[in-house]
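The values are calculated or read from the model by the stated rules, or taken from the named source; none is laboratory data. The model shown is predicted, which means the values in this text are computed figures rather than measured ones. Cβ: placed from backbone, ideal geometry, glycine included. Neighbour counts: every protein chain shown. The accessibility values were calculated without ligands, DNA or RNA, using every heavy atom of the protein model including side chains. Shrake-Rupley method; radii C 1.70, N 1.55, O 1.52, S 1.80 Å.
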Amino acid sequence: ERYYKMLSIQTAREYARAVALCGATCNSSVHAGAGRLAQTLTEYFERERGLITTACNDSYTECYGMHAATNAVLTGLTTPAEEQQIYESLLSNPAHICSFSPFNTYFILEAMSRLRLDGGRKASMRAALAMVRRCFHGMNRLGATTYWETFSPEWNSILSVGAATPNSQTGYMSHCHPWASGAAPWLTHHVLGLQPQSPGWKNFSATPFLDPAAPNLLTSVRGVQT
């Protein structure tokens with residue numbers, strides 16, 4: 001329930017931002033409606049924060065699971081102190097952060113990179129990059145050239161390259177699952193650092209994330225337009 005509450009708030013706020021970007025091409029009623037919806041759900045988040053204080057003993061971990069908490073981060077309404085708490089209690093354990101569905105893992109990854117941790121952006125990005133290696137690159141190590149519908153890092157210790165993988169609960173599992181490929185746009189936006197500055201990418205910024213001081217992470221990045 002809380003997962004979808006946070007997702008609704010996030011969606012309304014992103015819709016309002018999109019409407020604001022469309023400018024004169026969106027009529028005034030669309031602007032007003034988007035703004036009212038975003039404001040209403042922002043106020044709802046404040047009531048939800050009060051619930052966390054009273055019913056959840058001031059702790060997200062009391063009432064929120066990992067997915068609901070990361071969607072709370074993605075609303076853009078959590079405080080740095082709340083984000084530090086969410087990281088320490090729900091996201092710092094590498095055994096927990098990979099969802100069995102890489103589609104869902106993407107949203108955890110996106111939230112991870114937005115956390116305002118005590119160690120600053122480098123701390124959040126180091127944690128996010130370690131997550132990419134564990135939750136996505138493990139498929140590559142097993143021979144994947146496209147991303148899979150389901151994956152568990154533990155498969156790397158029991159399967160050989162090219163071995164048959166376990167099926168999902170439907171009895172089969174897609175080995176070319178577009179919805180599982182969230183690591184690719186995430187790397188483009190956050191590591192290569194490409195962000196659109198106008199509709200259609202007519203203008204964009206490039207701010208690569210480099211961290212040569214961290215072992216086994218990034219000393220250089222490169223992007224190619226095809």
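The table that follows gives values for the structure above.
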item: Selected from Thr70, Thr25, Thr79 as most flexible by GNM, with the chain as the system and alpha-carbon contacts under 10 Å; result: Thr25
item: Region 55-132 - Rg over Rh from alpha carbon coordinates, Kirkwood radius; result: 0.93
item: Computed over region 9-66: relative contact order in percent, which uses C-alpha pairs under 8 Å that are six or more apart; result: 30
item: Accessible surface ranking that places the most exposed of Tyr64, Tyr3 first, with a 1.4 angstrom probe; result: Tyr3, Tyr64
item: Around Phe103: net Lys/Arg minus Asp/Glu count, Cβ-Cβ under 15 Å; result: -2
item: Solvent-accessible surface (1.4 angstrom probe) belonging to Cys176, in square angstrom, nearest 10; result: 90
item: Charge dipole (debye, nearest 20) of the chain; +1 at Cβ of Lys and Arg, -1 at Cβ of Asp and Glu; result: 620
item: Residue-averaged 222 nm ellipticity for the chain, from DSSP H runs of 4+ at -39500 (n - 2.57), nearest 500; result: -14000 deg cm²/dmol
item: Percentage relative contact order, the chain, counting C-alpha pairs under 8 Å, at least six apart; result: 13
item: Gained length - Tyr4 relative to Leu21, 0.36 nm times residue gap less alpha-carbon distance; result: 3.6 nm
item: Of Thr170, Thr150, Thr53, the one that fluctuates the most in a GNM where the chain has Cα springs shorter than 10 Å; result: Thr170
item: Those residues of region 93-133 whose amide nitrogen sits under 20 Å from the label point placed on Tyr172, 7 Å along Cα→Cβ; result: 101-103
item: For region 74-226, Kirkwood radius (reciprocal of mean inverse C-alpha pair distance, Å); result: 16.8
item: Lys, Arg +1 and Asp, Glu -1 on Cβ, resulting dipole of region 42-101 about Cα centre, debye, nearest 20; result: 140
item: Centroid-to-centroid separation of region 137-212 and region 55-86 [C-alpha atoms, Å]; result: 25
item: Charge dipole of the chain about the Cα centre (unit charges at C-beta), most positive-ward option of Trp201, Ser168, Thr61; result: Trp201
item: In order through region 56-62: 3J(HN,Hα) via Karplus (6.51 cos²θ - 1.76 cosθ + 1.60), integer Hz, x for Gly, Pro; result: 10, 6, 6, 10, 4, 5, 5
